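Note sheet for the following structure.
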Amino acid sequence: MSETSERTNSVAAGTGPAGNRSELGGPVVGFMDRVRGEFIDIIEWTDDSRDTIVWRFPRYENEIKMGAKLIVRESQAAVFVNQGRIADVFAPGMYELQTGNLPILATLQGWKYGFHSPFKAEVYFVTTRQFTDLKWGTQNPVTVRDPEFGMVRLRAFGGYAARVSDPAKLITELAGTDPQFRTEEVEEYLRQLIVGRLGSLLATSGIPMLDLAARQAELGDRLAKALTDELATSHGLAIPKFIIENISLPPEVEQAIDARSRMGIIGNVDNYARLQAADAVRDAANNPGGAGEGVGLGLGMAAGQQLAQAFAPQQNQQPQQPFAPAGGGAAVPPPLPGQQQYQWFVAVDGQQQGPYDHATFTGHIGSGAVRPGMLAWREGMAAWQPVENVPELAQHFRATPPPLPPQA
(Lines give C-alpha, C1' and ligand atoms only; values in the text may rest on other atoms or scores of the structure.)
Protein backbone atom coordinates (compact mmCIF):
# COMPACT_ATOMS: atom_id res chain seq x y z
CA MET A 1 0.00 0.00 0.00
CA SER A 2 1.34 3.39 -0.92
CA GLU A 3 2.08 6.08 1.63
CA THR A 4 -0.75 8.19 0.30
CA SER A 5 -3.31 5.42 0.71
CA GLU A 6 -2.16 4.62 4.23
CA ARG A 7 -2.50 8.30 5.20
CA THR A 8 -5.98 8.42 3.74
CA ASN A 9 -7.06 5.29 5.60
CA SER A 10 -5.52 6.57 8.79
CA VAL A 11 -7.50 9.81 8.58
CA ALA A 12 -10.67 7.93 7.80
CA ALA A 13 -10.10 5.55 10.68
CA GLY A 14 -9.14 8.32 13.00
CA THR A 15 -5.64 6.92 13.72
CA GLY A 16 -2.15 7.94 12.88
CA PRO A 17 -0.55 11.38 13.15
CA ALA A 18 -2.91 13.09 10.80
CA GLY A 19 -6.02 11.18 11.88
CA ASN A 20 -5.54 11.34 15.66
CA ARG A 21 -9.11 11.63 17.04
CA SER A 22 -8.03 13.75 19.95
CA GLU A 23 -6.55 16.28 17.57
CA LEU A 24 -9.21 16.16 14.86
CA GLY A 25 -12.34 15.16 16.76
CA GLY A 26 -11.77 17.58 19.65
CA PRO A 27 -12.10 20.82 17.63
CA VAL A 28 -15.06 19.43 15.68
CA VAL A 29 -16.97 18.50 18.85
CA GLY A 30 -16.25 21.90 20.43
CA PHE A 31 -17.55 23.73 17.37
CA MET A 32 -20.79 21.73 17.36
CA ASP A 33 -21.24 22.42 21.07
CA ARG A 34 -20.96 26.14 20.37
CA VAL A 35 -23.46 25.87 17.53
CA ARG A 36 -25.88 23.94 19.69
CA GLY A 37 -25.38 26.53 22.47
CA GLU A 38 -26.69 29.23 20.16
CA PHE A 39 -29.99 27.40 19.73
CA ILE A 40 -32.77 28.10 22.23
CA ASP A 41 -34.38 24.94 23.58
CA ILE A 42 -36.84 26.29 26.21
CA ILE A 43 -38.87 29.49 25.96
CA GLU A 44 -40.69 30.53 29.12
CA TRP A 45 -41.26 33.47 31.49
CA THR A 46 -41.67 33.48 35.23
CA ASP A 47 -43.16 36.85 36.15
CA ASP A 48 -41.43 38.28 39.23
CA SER A 49 -43.21 41.65 39.09
CA ARG A 50 -46.73 42.87 39.69
CA ASP A 51 -46.93 45.55 37.03
CA THR A 52 -45.47 44.05 33.83
CA ILE A 53 -47.98 43.65 31.02
CA VAL A 54 -45.68 42.60 28.14
CA TRP A 55 -42.20 41.03 28.40
CA ARG A 56 -40.00 40.22 25.39
CA PHE A 57 -38.04 36.97 25.57
CA PRO A 58 -34.31 37.90 25.38
CA ARG A 59 -33.36 36.01 22.22
CA TYR A 60 -30.70 38.48 21.04
CA GLU A 61 -28.83 36.85 18.16
CA ASN A 62 -29.69 33.29 19.15
CA GLU A 63 -31.94 31.15 16.98
CA ILE A 64 -34.88 29.14 18.19
CA LYS A 65 -34.38 25.45 17.66
CA MET A 66 -37.12 23.71 15.78
CA GLY A 67 -38.69 21.38 18.30
CA ALA A 68 -37.91 23.69 21.22
CA LYS A 69 -40.25 23.71 24.20
CA LEU A 70 -42.58 26.69 24.69
CA ILE A 71 -44.09 26.94 28.17
CA VAL A 72 -46.98 29.37 28.57
CA ARG A 73 -48.28 29.55 32.13
CA GLU A 74 -51.76 30.40 33.30
CA SER A 75 -52.61 34.10 32.96
CA GLN A 76 -50.09 34.36 30.10
CA ALA A 77 -50.10 34.36 26.32
CA ALA A 78 -47.11 34.06 23.96
CA VAL A 79 -47.01 36.08 20.74
CA PHE A 80 -44.49 35.32 17.96
CA VAL A 81 -43.44 38.26 15.80
CA ASN A 82 -41.55 37.72 12.55
CA GLN A 83 -39.91 40.69 10.86
CA GLY A 84 -42.28 43.13 12.52
CA ARG A 85 -45.46 41.18 11.76
CA ILE A 86 -47.65 39.39 14.29
CA ALA A 87 -47.49 35.65 13.62
CA ASP A 88 -48.81 33.00 16.00
CA VAL A 89 -50.40 33.44 19.43
CA PHE A 90 -50.25 30.66 22.04
CA ALA A 91 -52.63 30.18 24.98
CA PRO A 92 -51.50 28.60 28.30
CA GLY A 93 -49.90 25.17 27.87
CA MET A 94 -46.64 23.47 26.83
CA TYR A 95 -45.81 23.21 23.13
CA GLU A 96 -43.14 21.60 20.99
CA LEU A 97 -42.47 24.12 18.27
CA GLN A 98 -42.91 22.57 14.83
CA THR A 99 -44.07 23.91 11.53
CA GLY A 100 -47.41 22.28 12.25
CA ASN A 101 -48.24 24.47 15.25
CA LEU A 102 -46.61 27.58 13.75
CA PRO A 103 -48.82 27.92 10.66
CA ILE A 104 -48.59 31.69 10.23
CA LEU A 105 -44.86 31.79 10.98
CA ALA A 106 -44.31 28.87 8.60
CA THR A 107 -46.09 30.83 5.89
CA LEU A 108 -44.03 33.97 6.59
CA GLN A 109 -40.78 31.93 6.59
CA GLY A 110 -41.72 30.06 3.42
CA TRP A 111 -41.54 26.57 4.97
CA LYS A 112 -43.59 24.96 2.25
CA TYR A 113 -42.13 21.50 2.74
CA GLY A 114 -41.81 21.36 6.53
CA PHE A 115 -38.20 22.58 6.75
CA HIS A 116 -36.87 21.95 10.27
CA SER A 117 -33.89 24.30 10.54
CA PRO A 118 -33.54 26.78 13.47
CA PHE A 119 -35.38 30.05 12.98
CA LYS A 120 -35.40 33.60 14.32
CA ALA A 121 -38.50 35.20 15.77
CA GLU A 122 -39.32 37.62 18.54
CA VAL A 123 -41.38 36.13 21.35
CA TYR A 124 -43.49 38.38 23.60
CA PHE A 125 -45.14 37.09 26.74
CA VAL A 126 -48.35 38.98 27.61
CA THR A 127 -49.91 38.93 31.08
CA THR A 128 -53.64 38.29 30.86
CA ARG A 129 -54.46 38.42 34.58
CA GLN A 130 -56.28 41.36 36.13
CA PHE A 131 -54.30 44.35 37.36
CA THR A 132 -56.37 45.44 40.34
CA ASP A 133 -54.29 48.22 41.92
CA LEU A 134 -55.07 50.93 39.37
CA LYS A 135 -56.42 54.29 40.60
CA TRP A 136 -58.29 57.13 38.96
CA GLY A 137 -59.52 60.57 39.98
CA THR A 138 -60.72 63.87 38.52
CA GLN A 139 -58.07 66.56 38.71
CA ASN A 140 -60.66 69.21 37.77
CA PRO A 141 -64.38 69.19 38.63
CA VAL A 142 -66.81 67.71 36.14
CA THR A 143 -69.73 70.07 35.44
CA VAL A 144 -73.12 68.38 35.12
CA ARG A 145 -76.73 69.59 35.06
CA ASP A 146 -78.74 68.29 38.00
CA PRO A 147 -82.56 68.28 37.73
CA GLU A 148 -82.92 69.61 41.28
CA PHE A 149 -79.89 71.82 41.94
CA GLY A 150 -79.17 72.99 38.41
CA MET A 151 -75.56 73.21 37.29
CA VAL A 152 -73.15 71.63 39.77
CA ARG A 153 -69.49 70.65 39.74
CA LEU A 154 -68.55 67.15 40.88
CA ARG A 155 -65.27 65.51 41.85
CA ALA A 156 -64.84 61.76 42.04
CA PHE A 157 -62.16 59.15 42.61
CA GLY A 158 -61.84 55.39 42.90
CA GLY A 159 -60.09 52.35 41.47
CA TYR A 160 -60.47 49.87 38.63
CA ALA A 161 -59.14 46.59 37.29
CA ALA A 162 -57.74 46.13 33.79
CA ARG A 163 -56.63 43.08 31.82
CA VAL A 164 -55.54 42.19 28.31
CA SER A 165 -58.30 40.73 26.18
CA ASP A 166 -56.44 40.59 22.85
CA PRO A 167 -52.64 40.13 23.22
CA ALA A 168 -51.89 40.65 19.53
CA LYS A 169 -53.87 43.89 19.33
CA LEU A 170 -52.26 45.18 22.52
CA ILE A 171 -48.77 44.70 21.07
CA THR A 172 -49.80 46.28 17.79
CA GLU A 173 -51.54 49.32 19.28
CA LEU A 174 -49.77 50.02 22.59
CA ALA A 175 -46.71 47.97 23.51
CA GLY A 176 -44.95 47.89 20.14
CA THR A 177 -41.34 46.71 20.52
CA ASP A 178 -41.08 47.75 24.17
CA PRO A 179 -39.13 44.91 25.86
CA GLN A 180 -40.97 45.47 29.16
CA PHE A 181 -44.30 47.24 28.92
CA ARG A 182 -45.63 48.23 32.37
CA THR A 183 -48.95 49.45 33.72
CA GLU A 184 -47.55 52.92 34.41
CA GLU A 185 -47.11 53.45 30.67
CA VAL A 186 -50.84 53.10 30.01
CA GLU A 187 -52.34 54.18 33.34
CA GLU A 188 -52.42 57.91 32.58
CA TYR A 189 -54.07 57.28 29.22
CA LEU A 190 -56.74 55.16 30.89
CA ARG A 191 -57.31 57.83 33.56
CA GLN A 192 -57.95 60.47 30.91
CA LEU A 193 -60.32 58.14 29.10
CA ILE A 194 -62.19 57.42 32.33
CA VAL A 195 -62.61 61.11 33.22
CA GLY A 196 -63.85 61.85 29.72
CA ARG A 197 -66.43 59.08 29.95
CA LEU A 198 -67.42 59.92 33.53
CA GLY A 199 -68.78 63.37 32.70
CA SER A 200 -70.91 62.01 29.87
CA LEU A 201 -72.20 59.18 32.05
CA LEU A 202 -73.21 61.44 34.93
CA ALA A 203 -74.85 63.94 32.58
CA THR A 204 -76.95 61.32 30.80
CA SER A 205 -77.65 58.99 33.73
CA GLY A 206 -80.72 60.93 34.89
CA ILE A 207 -79.77 60.20 38.51
CA PRO A 208 -80.32 63.15 40.87
CA MET A 209 -77.23 64.33 42.67
CA LEU A 210 -78.62 63.34 46.06
CA ASP A 211 -79.06 59.73 44.84
CA LEU A 212 -75.56 59.30 43.39
CA ALA A 213 -74.11 57.83 46.57
CA ALA A 214 -76.75 55.10 46.66
CA ARG A 215 -76.16 54.18 43.02
CA GLN A 216 -72.37 54.33 42.79
CA ALA A 217 -72.12 50.57 42.16
CA GLU A 218 -74.59 50.81 39.27
CA LEU A 219 -72.67 53.72 37.74
CA GLY A 220 -69.40 51.79 38.11
CA ASP A 221 -70.80 48.78 36.24
CA ARG A 222 -72.13 50.98 33.45
CA LEU A 223 -68.84 52.78 33.08
CA ALA A 224 -66.88 49.49 33.09
CA LYS A 225 -68.99 48.19 30.21
CA ALA A 226 -68.65 51.42 28.22
CA LEU A 227 -64.86 51.47 28.68
CA THR A 228 -64.52 47.78 27.78
CA ASP A 229 -66.53 48.22 24.59
CA GLU A 230 -64.25 51.06 23.51
CA LEU A 231 -60.90 49.59 24.57
CA ALA A 232 -61.49 46.03 23.40
CA THR A 233 -61.81 46.95 19.74
CA SER A 234 -59.08 49.57 19.71
CA HIS A 235 -56.41 48.43 22.18
CA GLY A 236 -57.15 44.87 23.21
CA LEU A 237 -57.94 45.84 26.82
CA ALA A 238 -60.92 45.23 29.09
CA ILE A 239 -62.11 46.87 32.31
CA PRO A 240 -63.78 44.03 34.24
CA LYS A 241 -64.31 46.08 37.39
CA PHE A 242 -64.77 49.80 37.99
CA ILE A 243 -65.22 51.23 41.48
CA ILE A 244 -66.44 54.72 42.38
CA GLU A 245 -65.27 55.31 45.95
CA ASN A 246 -66.64 58.81 46.37
CA ILE A 247 -68.43 61.62 44.52
CA SER A 248 -67.93 64.97 46.24
CA LEU A 249 -69.32 68.47 45.76
CA PRO A 250 -67.68 71.90 46.05
CA PRO A 251 -67.67 73.25 49.64
CA GLU A 252 -70.21 75.98 48.89
CA VAL A 253 -72.70 73.44 47.49
CA GLU A 254 -72.20 71.20 50.51
CA GLN A 255 -72.95 74.16 52.78
CA ALA A 256 -76.12 74.92 50.81
CA ILE A 257 -77.25 71.30 51.17
CA ASP A 258 -76.58 71.43 54.90
CA ALA A 259 -78.65 74.61 55.17
CA ARG A 260 -81.44 73.04 53.15
CA SER A 261 -81.42 70.01 55.44
CA ARG A 262 -81.81 72.26 58.44
CA MET A 263 -84.64 74.06 56.71
CA GLY A 264 -86.35 70.75 56.04
CA ILE A 265 -86.23 69.92 59.74
CA ILE A 266 -87.99 73.20 60.61
CA GLY A 267 -90.57 72.99 57.88
CA ASN A 268 -90.70 75.83 55.32
CA VAL A 269 -88.97 78.84 53.82
CA ASP A 270 -90.32 81.28 56.41
CA ASN A 271 -88.92 79.18 59.18
CA TYR A 272 -85.61 79.00 57.33
CA ALA A 273 -85.45 82.81 57.36
CA ARG A 274 -86.14 82.74 61.08
CA LEU A 275 -83.37 80.19 61.53
CA GLN A 276 -80.95 82.49 59.74
CA ALA A 277 -82.01 85.29 62.07
CA ALA A 278 -81.15 83.02 65.00
CA ASP A 279 -77.76 82.34 63.41
CA ALA A 280 -77.21 86.11 63.19
CA VAL A 281 -77.90 86.37 66.93
CA ARG A 282 -75.35 83.68 67.61
CA ASP A 283 -72.75 85.46 65.49
CA ALA A 284 -73.47 88.74 67.29
CA ALA A 285 -73.13 87.02 70.65
CA ASN A 286 -69.73 85.70 69.58
CA ASN A 287 -68.64 89.31 69.02
CA PRO A 288 -69.54 91.11 72.30
CA GLY A 289 -69.11 94.86 72.39
CA GLY A 290 -69.40 95.17 68.61
CA ALA A 291 -71.65 97.47 66.66
CA GLY A 292 -74.20 94.70 66.13
CA GLU A 293 -74.82 94.07 69.82
CA GLY A 294 -78.02 96.16 69.96
CA VAL A 295 -79.22 94.74 66.67
CA GLY A 296 -78.47 91.25 67.90
CA LEU A 297 -80.60 91.87 70.97
CA GLY A 298 -83.58 92.92 68.89
CA LEU A 299 -83.09 90.06 66.45
CA GLY A 300 -82.74 87.63 69.30
CA MET A 301 -86.11 88.50 70.78
CA ALA A 302 -87.74 88.49 67.37
CA ALA A 303 -86.14 85.20 66.33
CA GLY A 304 -87.04 83.56 69.60
CA GLN A 305 -90.66 84.52 69.21
CA GLN A 306 -90.70 83.37 65.59
CA LEU A 307 -89.08 80.03 66.35
CA ALA A 308 -91.60 79.47 69.11
CA GLN A 309 -94.38 80.13 66.63
CA ALA A 310 -92.76 77.80 64.11
CA PHE A 311 -92.88 74.82 66.45
CA ALA A 312 -96.24 75.74 68.01
CA PRO A 313 -99.51 74.66 66.42
CA GLN A 314 -100.23 76.87 63.45
CA GLN A 315 -103.65 77.95 64.76
CA ASN A 316 -102.95 81.66 64.21
CA GLN A 317 -102.63 81.03 60.50
CA GLN A 318 -106.06 79.43 60.23
CA PRO A 319 -109.14 81.59 59.55
CA GLN A 320 -111.06 81.96 62.74
CA GLN A 321 -114.66 80.87 62.65
CA PRO A 322 -117.18 82.29 65.14
CA PHE A 323 -119.14 79.03 65.19
CA ALA A 324 -118.31 75.37 65.21
CA PRO A 325 -117.80 73.59 61.87
CA ALA A 326 -120.75 71.72 60.43
CA GLY A 327 -119.04 68.38 60.90
CA GLY A 328 -118.54 68.90 64.62
CA GLY A 329 -115.45 69.79 66.55
CA ALA A 330 -114.40 72.51 68.92
CA ALA A 331 -115.76 75.99 68.24
CA VAL A 332 -113.26 78.85 67.74
CA PRO A 333 -114.37 81.98 69.65
CA PRO A 334 -114.34 85.33 67.84
CA PRO A 335 -111.91 88.09 68.86
CA LEU A 336 -112.82 90.04 71.94
CA PRO A 337 -114.51 93.40 71.24
CA GLY A 338 -112.09 96.27 70.91
CA GLN A 339 -109.00 94.06 70.85
CA GLN A 340 -106.30 95.12 68.38
CA GLN A 341 -105.78 92.52 65.63
CA TYR A 342 -102.93 94.22 63.83
CA GLN A 343 -99.91 92.25 62.61
CA TRP A 344 -96.82 94.43 62.97
CA PHE A 345 -93.58 94.39 61.03
CA VAL A 346 -90.37 96.16 62.03
CA ALA A 347 -87.16 96.96 60.13
CA VAL A 348 -84.04 95.86 62.02
CA ASP A 349 -80.66 96.62 60.45
CA GLY A 350 -82.27 96.88 57.02
CA GLN A 351 -84.04 93.51 57.38
CA GLN A 352 -87.80 93.04 57.75
CA GLN A 353 -88.82 91.14 60.88
CA GLY A 354 -92.34 89.94 61.77
CA PRO A 355 -95.23 89.60 61.79
CA TYR A 356 -95.94 90.15 65.50
CA ASP A 357 -99.33 90.47 67.11
CA HIS A 358 -100.03 93.76 68.86
CA ALA A 359 -99.38 92.49 72.38
CA THR A 360 -96.08 90.89 71.46
CA PHE A 361 -94.94 93.95 69.54
CA THR A 362 -95.74 96.36 72.36
CA GLY A 363 -93.95 93.98 74.71
CA HIS A 364 -90.79 94.34 72.57
CA ILE A 365 -91.19 98.11 72.87
CA GLY A 366 -91.37 97.84 76.62
CA SER A 367 -88.27 95.62 76.76
CA GLY A 368 -86.28 98.00 74.59
CA ALA A 369 -85.87 95.58 71.70
CA VAL A 370 -87.92 97.98 69.54
CA ARG A 371 -86.55 101.49 69.95
CA PRO A 372 -87.44 104.95 68.67
CA GLY A 373 -86.19 105.50 65.17
CA MET A 374 -86.98 101.99 63.97
CA LEU A 375 -89.50 101.78 61.12
CA ALA A 376 -92.77 99.91 61.62
CA TRP A 377 -95.68 98.97 59.38
CA ARG A 378 -99.04 97.24 59.63
CA GLU A 379 -101.89 96.60 57.26
CA GLY A 380 -103.68 99.82 56.46
CA MET A 381 -100.60 102.07 56.68
CA ALA A 382 -99.53 103.79 53.48
CA ALA A 383 -95.81 103.53 54.22
CA TRP A 384 -93.28 102.58 56.86
CA GLN A 385 -93.09 105.10 59.75
CA PRO A 386 -90.89 105.52 62.80
CA VAL A 387 -92.47 103.58 65.62
CA GLU A 388 -92.77 106.64 67.85
CA ASN A 389 -94.89 108.41 65.16
CA VAL A 390 -97.49 105.64 64.88
CA PRO A 391 -100.56 106.69 66.93
CA GLU A 392 -101.20 103.23 68.34
CA LEU A 393 -97.61 102.95 69.52
CA ALA A 394 -96.82 106.50 70.58
CA GLN A 395 -98.23 105.97 74.05
CA HIS A 396 -95.63 103.30 74.70
CA PHE A 397 -92.78 105.74 74.21
CA ARG A 398 -92.68 107.93 77.27
CA ALA A 399 -90.71 111.13 77.28
CA THR A 400 -87.51 110.98 79.25
CA PRO A 401 -87.78 113.32 82.27
CA PRO A 402 -85.23 116.16 82.59
CA PRO A 403 -82.47 115.95 85.18
CA LEU A 404 -83.46 116.74 88.75
CA PRO A 405 -82.71 120.30 89.91
CA PRO A 406 -79.74 120.78 92.22
CA GLN A 407 -80.50 119.75 95.77
CA ALA A 408 -79.63 121.93 98.73
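Within region 75-89, not a single residue is under 28 Å from the mean Cα position of the chain (by Cα) and under 26 Å from ASP51 (Cβ atoms). Exactly one residue out of ALA203, ALA168, ALA156 is in a helix (DSSP H, G or I) and over 30 Å from PHE57 (Cα atoms), and it is ALA203.
Each residue in region 235-259 was checked for being of a type in the set (Gly, Ala, Ser) and part of a strand (DSSP E or B), and 2 pass. Just for region 212-225: of the residues that are open to solvent by less than 30 Å² (accessible area, probe 1.4 Å) and touching a Leu at 6+ places or on another chain (Cβ under 8 Å), which one is farthest from VAL54 (Cα to Cα)? Looking at the filtered set, the residue picked out is LEU212.
Of the residues making up region 376-408, those that are in a loop (DSSP other than H, G, I, E, B), at pLDDT 85 or above, surrounded by 10 or more Cβ atoms within 10 Å (Cβ to Cβ) and not β-branched (Val, Ile, Thr) are ARG378, GLU379, MET381, TRP384. The residues of region 82-133 that are part of a strand (DSSP E or B) and either of a type in the set (Ser, Thr, Tyr) or within 17 Å of GLY67 (Cβ to Cβ) (or both), listed by number, are ASP88, PHE90, GLY93, MET94, TYR95, GLU96, PHE119, VAL123, TYR124, THR127, THR132. Going by the conditions given, is GLY159 open to solvent by 40 Å² or more (accessible area, probe 1.4 Å), of a type in the set (Gly, Ala, Ser) and on the phi < 0 side of the Ramachandran plot? No, not satisfied.
Identify all residues within region 154-206 that are in contact (Cβ under 8 Å) with a residue 40 or more places away in the chain and among the aromatic types (Phe, Trp, Tyr); write none if there are none. Those that are in contact (Cβ under 8 Å) with a residue 40 or more places away in the chain and among the aromatic types (Phe, Trp, Tyr): PHE157, TYR160, PHE181.
The set of residues in region 134-153 that are β-branched (Val, Ile, Thr) and either at pLDDT 90 or above or not in a loop (DSSP other than H, G, I, E, B) (or both) comprises VAL142, THR143, VAL144, VAL152. Quick check on LEU202: is it open to solvent by less than 30 Å² (accessible area, probe 1.4 Å), modelled with pLDDT under 90 and under 30 Å from ARG50 (Cβ atoms)? In short, no.
Residue by residue through region 342-375, note down the ones that are part of a loop (DSSP other than H, G, I, E, B) and either in contact with a strand residue (DSSP E or B) (Cβ under 8 Å, 6 or more places away or on another chain) or hydroxyl-bearing (Ser, Thr, Tyr) (or both).
Those that are part of a loop (DSSP other than H, G, I, E, B) and either in contact with a strand residue (DSSP E or B) (Cβ under 8 Å, 6 or more places away or on another chain) or hydroxyl-bearing (Ser, Thr, Tyr) (or both): TYR342, VAL370, PRO372, GLY373, MET374.
Here region 47-75 is the region considered, the condition is being in a loop (DSSP other than H, G, I, E, B) and closer than 26 Å to PHE119 by Cβ, and the residue that is most open to solvent (accessible area, probe 1.4 Å) is TYR60. Within the set MET209, MET151, the sole residue that is without any contact (Cβ under 8 Å) to a residue 12 or more places away in the chain and either open to solvent by 20 Å² or more (accessible area, probe 1.4 Å) or more than 30 Å from ASN62 (Cβ to Cβ) (or both) turns out to be MET151. Test LEU212 against the criterion of being at pLDDT below 90, within 30 Å of TYR95 (Cβ to Cβ) and of a type in the set (A, V, I, L, M), and give yes or no. Criteria not met by LEU212.
Counting only residues that are farther than 14 Å from ALA168 by Cα, surrounded by fewer than 16 Cβ atoms within 10 Å (Cβ to Cβ) and within 47 Å of the chain's Cα centre (by Cα), region 90-100 holds 3 of them. Residues that are open to solvent by less than 30 Å² (accessible area, probe 1.4 Å), farther than 9 Å from VAL54 by Cα and assigned to a helix (DSSP H, G or I) within region 171-192 comprise VAL186, LEU190, listed in sequence order.
Reported count of residues in region 101-125, each being of a type in the set (Gly, Ala, Ser) and buried (at least 18 other Cβ atoms within 10 Å of the Cβ), is 2.
The values are calculated or read from the model by the stated rules, or taken from the named source; none is laboratory data. Being a predicted model, the structure only gives us computed values, none of them experimental. Cβ: placed from backbone, ideal geometry, glycine included. Neighbour counts: every protein chain shown. To get the accessible areas, we keep the full protein, side chains included, count just its heavy atoms, and leave off ligands, DNA and RNA. Shrake-Rupley method; radii C 1.70, N 1.55, O 1.52, S 1.80 Å.
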